[in-house]
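Structure record follows, encoded as structure tokens.
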Amino acid sequence: MRHRIYLHVTWTTRDRDCLIDANAAQLLDRLLRSIARQEGARVIEIGIVQTHVHMLLQIDPTTRIPRLLQRLKGGTSVIVNRERGTTTRHSLRWARGYNIDSVSPRAVERVRGYVANQAQRHPAERINGWNGRSCRLSDR
């Protein structure tokens, strides 16, 4: 049986501070895809700018959404901070909560374009040195 359950998930850095640089974005891209797979979700698209993350996901009916989001947010900040060796002042910290919307199968391509174009939508928050395409082909 084929499941068509799609979600558009967004969350921000704490205080919408510009905490995501090119190295963090590349690491986040890999980690988010890996965690999603482990939790029964498939990443269709990721959009990352300096202050927030957008993801378009296809999930299995058994995917536990609160657990998925806890791991996507909490797990990534711990690993990124450890890898970067950042001080508390410059550490990657996420704001509380997240936004989640269901996406109809007909709207998937439109939402995919929206998520992929975050750097164009927020040019002041574009991440210099990262084009947003580090792992995209591996999940198709």
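The values are calculated or read from the model by the stated rules, or taken from the named source; none is laboratory data. What you are looking at is a predicted structure, and each value in this text was computed from that prediction instead of being measured. Please note: Cβ atoms are built from the backbone with ideal geometry, for glycine as well, and neighbour counts cover all protein chains shown. Protein only, heavy atoms only, side chains kept; ligands, DNA and RNA dropped before computing areas. Shrake-Rupley method; radii C 1.70, N 1.55, O 1.52, S 1.80 Å.
How high is the relative contact order of the chain? Use alpha-carbon pairs under 8 Å, at least six apart in sequence, and give a whole percent.
Across the chain, relative contact order equals 40 percent.
Once label points are set 7 Å from the Cα along Cα→Cβ at both GLN70 and ARG2, what is their separation, rounded to one decimal in nm?
Reported label-point gap for GLN70 and ARG2 is 3.4 nm.
Using +1 at the Cβ of each Lys and Arg and -1 at the Cβ of each Asp and Glu in the chain, identify which of ILE59, SER34, ALA119 lies farthest towards the dipole's positive end.
ILE59
Can you tell me which of 62-69, 39-46, 9-16 comes out highest on packing, and rank the rest after it, using the mean Cβ neighbours within 10 Å?
39-46, 9-16, 62-69
Going by the alpha-carbon gyration tensor, a ≥ b ≥ c the square roots of its eigenvalues, is segment 47-121 rounded (a/c under 1.5) or, if a/c is not under 1.5, prolate (a/b greater than b/c) versus oblate?
Here segment 47-121 falls in the oblate category.
Simple spin-label model, 7 Å along Cα-to-Cβ: HIS90 to GLU125 in nm?
Taking the simple label geometry, HIS90 and GLU125 are separated by 2.1 nm.
Rolling a 1.4 angstrom probe over the protein heavy atoms, how many square angstrom per residue are accessible across segment 1-87?
Counting only protein heavy atoms, the per-residue value for segment 1-87 is 46 Å².
Of all accessible surface on the chain at a 1.4 Å probe, what whole percent is carbon and sulfur?
Roughly 46 percent of what the probe reaches on the chain is carbon or sulfur.
Scaled to the compact-protein estimate 2.2 N^0.38 Å, what is the alpha-carbon radius of gyration of the chain, rounded to two decimal places?
0.99
Tell me the mean residue ellipticity at 222 nm calculated for the chain from its helices only (DSSP H runs of n ≥ 4, each -39500 (n - 2.57), averaged over every residue, nearest 500).
-9000 deg cm²/dmol
Order ILE20, ILE5, most accessible first, counting only protein heavy atoms with a 1.4 angstrom probe.
The most accessible residue leads, giving ILE5, ILE20.
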